[in-house]
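Undergrad: Please read through the structure below; I'll follow up with questions.
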Amino acid sequence: MKHTRRNCDHCGKVYNADMRNVKRGWGLCCSKSCAAKKREAAKPGYTPERVEANNIRRAAWWGVDENEYGVYRGRRSSEGYKLYQDGDMDTAVDEFGNAVYTIANWEHEHPFSEDSF
Ligand SMILES: [Zn+2]
């Protein structure tokens, strides 16, 4: 896989980007969280305060636990991390709110496989 060193579009940090993704206009940020913030910043009328207010309002309205990685639906990884779902991707988030890893939903083991018998 061919990589190129580039600066993150959001935070400016140098990271290794996959050339194939960059050519397709993907992978322009160092992390999923920067990509989410960049998306948010691209919206008209963006201010950090408004993003914060929207996040709080969403959480209050839906009664859900949500962050920039997705929505927590009561599932945890085998390590005990909360899994925030965004489409078909889950991000494991530790108790400090930091993403530990991102994984496709279908890569998870069946939740009952260990305790069924
Ligand atoms: Zn970044």
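Undergrad: Could you line up 31, 78 from fewest to most neighbouring Cβ atoms inside 10 Å? Don't skip to the answer; put the middle values down first.
TA: Values: 31 15, 78 10.
Going from least to most buried by this count: 78, 31.
Undergrad: Tell me, 79, 66 in order of fewest to most beta-carbon neighbours within 10 Å?
TA: Values: 79 9, 66 15.
So the residues, fewest neighbours to most, are 79, 66.
Undergrad: Distance cut-off 30 Å, Cα to Cα: go down the list 2/38; 2/82; 43/82 and report the pairs above it. Before the final figure, lay out the partial values.
TA: Details: 2/38 24 Å; 2/82 33 Å; 43/82 28 Å.
Violating the 30 Å Cα-Cα cut-off are 2/82.
Undergrad: If each residue's Cβ is checked for other Cβ atoms within 10 Å, how do 3, 10 rank with the fewest at the top?
TA: Values: 3 14, 10 19.
In increasing order of surrounding Cβ atoms, one gets 3, 10.
Undergrad: Treat each spin label as a single point 7 Å out from the Cα along the C-beta direction, and report the residue 79 to residue 102 distance in nm.
TA: Between residue 79 and residue 102, the label points sit 1.6 nm apart.
Every number here is computed from the coordinates shown, using simple stated rules; none is lab data. Note that the coordinates shown come from a computational prediction; the quantities given were computed from them, not determined experimentally. Methodologically, a virtual Cβ is constructed for each residue, glycine included, from the backbone with ideal geometry; neighbour enumeration extends over all protein chains shown.
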